[in-house]
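All of the numbers you see were taken from the coordinates with simple rules; none came from a lab. Worth saying up front: this structure is predicted, and the values here are computed from it rather than measured. Here the Cβ positions follow ideal geometry from the backbone for every residue, glycine too, while neighbour counts run over all protein chains shown.
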Amino acid sequence: MEEAECASRLGKNFTSPTRRGFPNVPFMPSTFHKTGALRQETLLLPARVEDYVGPDNMARAIEAFVASLDLVKLKFCHAVRVAGAGQPPYHPSDLLKLYLYGYLNQIRSSRRLEREAGRNVELMWLLRGLLPGYRTIANFRRDNVVPLKQVSRDFVMLLRGLDLLGGEIVAIDGAFFDGNASKGSIVTRARLEEQVAAVEREIAQYTAALDANDAAEASQPEAERHSHANVAGKLAALIAKREAASADLAKLAASGQTQLSRTDDDARLLSKNGQSVAGYNVQLAVDAKHKLIVAAETVNDGNDTGQLHAMAAAACEALGVETLQAVADSGYFNGEALKACEDTGIEPFVPEPRRGTQAEKAGRFGLEAFSYDAEADEYVCPQGKKLRRQNGYKTDATGKRRIRYVSRRSDCKTCPLRAACLSEKADRRGIERWEHEEVIERHRARMAAHGAPMMQRRKALVEHPFGTLKCRAGYRQFLMRGFAKVRGELALMVLCYNFTRLLNIIGLEKLIAWLAAQYFLAVFYLLREVLTVAPGVLNECYLAGGKSQPIGDKPLPRHTTARSGMCFAT
Ligand code: SF4
């Protein structure tokens, strides 16, 4: 196609390659596809970085949120300006914005964040062109674990201030997240003992081979004998390996743990449904109103049974309520946890797993066949005979005290149900009851009445945040090591989840307006405390901030979070 024809067809989009010094490059304008400008062309880009960040850009929400934080009270490193020699540090607000933006956009490694700060226009806008190095970025996350956790907790207070938390029902669940450690770096006692035994077998084989060679060569002349330096070297390496494994065994015994992790001290091999993970068990408590996370914890116990009360209590504290309903799956069923919940005003809903007693497995009457008479404190068997309480308690493997109830031999001797009730050797039936079994009985009654709808709600509530964290945000693995740092990283993940959720619920505009109002109120309270001015003047300031309620001489009702000092009107 001729250049003139191209020009006429493409109009102002036409750029002649020959005029731009592209010798012999065939010019193939397409009428079927959109074509970009030539890279060598001088473009008039918007003059300000501000123009690249639209009014609905999430970066603006991050900017407003970080501006609303009191980083000095939160105890971020370098929040207090100190004059000194050398380069001044980066302000923690800039690095916090960088991390929030990164975690919201699946950019978590310090090296990637460093690269993005130099090429991502939104980050250029957020950081005003600052380019912190990856070490600075990594050190910020490492050194500010406690403040980051506090920011995440304070964000829950912010959600309370926005009336987005119901505070009536929370769903609790756990999921395994990979740690910054391989499966091979975590060993159990059995595996270490196997290693020691295998190395000892190899050492014995080498030693026997050496002895046999020595015996064979003893009769040969000196010149014909071979050097055994190679075999001796291998033997020395095996002995060193055995010593290392033995030292690990001793270390494991001294720690009282069941596993030894060589890379990340706190990561563990966790198994569920035939799959194993080298990492942590992340626990979440999710409020039912808007599926916002109100409490999060990281443990390295693969079993959820011990987590119910701790998570429900943490949710109560975060929500500022005395009582709530906590719903969890059967993995959380634990009599002591149920009792602890009841004692602290929490109403748990946890399906009871059907484990079955030994008698049931052998085809005999299970516990359900016996009814308990609370008034008489005795059991009644299917034949209508009584099983009386024995003196004293029996402590089981889990430390629970159990009371034993037994039938009369004379009753069982002539009983027609004997074959369905007793084993061949037994002459009477015994039943054990936990000393607080009434807690489980109340829970059973509660589950029978309301369990089914609560279980349906549980799935819809708590599996959504885990799905979002793992699949949308890509948080499948911790980048940090050790409980302290991993918990700090989880706080960042939860903060970003809640942040995204909040923007989806109320929108960016409302959030920025609300943060601005809070900021105004915080400044107002500060001024009111510090300055001695006429209340009328302050009332005018208050009314100018969009509030219609006049202020008298009495102190304003206010709520200040104990840890951060963020203020919320109550
Ligand atoms: S065997 Fe004894 S305990 Fe069992 S049903 Fe008969 S009387 Fe009751």
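What to note about this one:
- Residue in the stretch 356-366 that is within 16 Å of the ligand (Cβ to nearest atom), β-branched (Val, Ile, Thr) and touching a strand residue (DSSP E or B) at 6+ places or on another chain (Cβ under 6 Å) present: no
- Every residue from the stretch 405-426 that is more than 53 Å from the chain's Cα centre (by Cα) and surrounded by 12 or more Cβ atoms within 10 Å (Cβ to Cβ): Arg408, Asp411, Cys412, Cys415
- Residues satisfying the stated conditions in the stretch 172-205, i.e. surrounded by 15 or more Cβ atoms within 10 Å (Cβ to Cβ), over 24 Å from the mean Cα position of the chain (by Cα) and among the polar types (S, T, N, Q): Thr188, Gln195
- Any hit, the stretch 391-403, residues being without any contact (Cβ under 8 Å) to a residue 40 or more places away in the chain, surrounded by fewer than 18 Cβ atoms within 10 Å (Cβ to Cβ), within 14 Å of the ligand (Cβ to nearest atom) and among the polar types (S, T, N, Q): no
- Counting the residues of the stretch 413-435 that are free of Cβ contacts under 8 Å to residues at least 24 places away in the same chain and within 8 Å of the ligand (Cβ to nearest atom) gives 2.
- Checking each residue in the stretch 72-91 for being buried (at least 17 other Cβ atoms within 10 Å of the Cβ) and under 24 Å from the mean Cα position of the chain (by Cα) picks out Leu74, Phe76.
- Every listed requirement among (1) outside any helix (DSSP H, G or I); (2) farther than 24 Å from Phe76 by Cβ; (3) more than 17 Å from the chain's Cα centre (by Cα) is met by Pro132 save one, (2).
- Single condition Gln257 does not satisfy, out of (1) surrounded by 14 or more Cβ atoms within 10 Å (Cβ to Cβ); (2) in contact (Cβ under 8 Å) with a residue 12 or more places away in the chain; (3) closer than 30 Å to Ala197 by Cβ: (2)
- Residue check, Arg409 within 16 Å of the ligand (Cβ to nearest atom) and of a type in the set (D, E, K, R): yes
- Residue match in the stretch 294-301 (condition: under 15 Å from the mean Cα position of the chain (by Cα) and surrounded by fewer than 17 Cβ atoms within 10 Å (Cβ to Cβ)): yes
- Boolean, Ala278 is out of contact with any helix residue (DSSP H, G or I) (no Cβ under 8 Å at 6 or more places or on another chain), in contact (Cβ under 8 Å) with a residue 12 or more places away in the chain, within 19 Å of Gly174 (Cα to Cα) and not in a loop (DSSP other than H, G, I, E, B): no
- Taken over the stretch 374-390, residues that are within 14 Å of the ligand (Cβ to nearest atom) and within 45 Å of the chain's Cα centre (by Cα) amount to 1.
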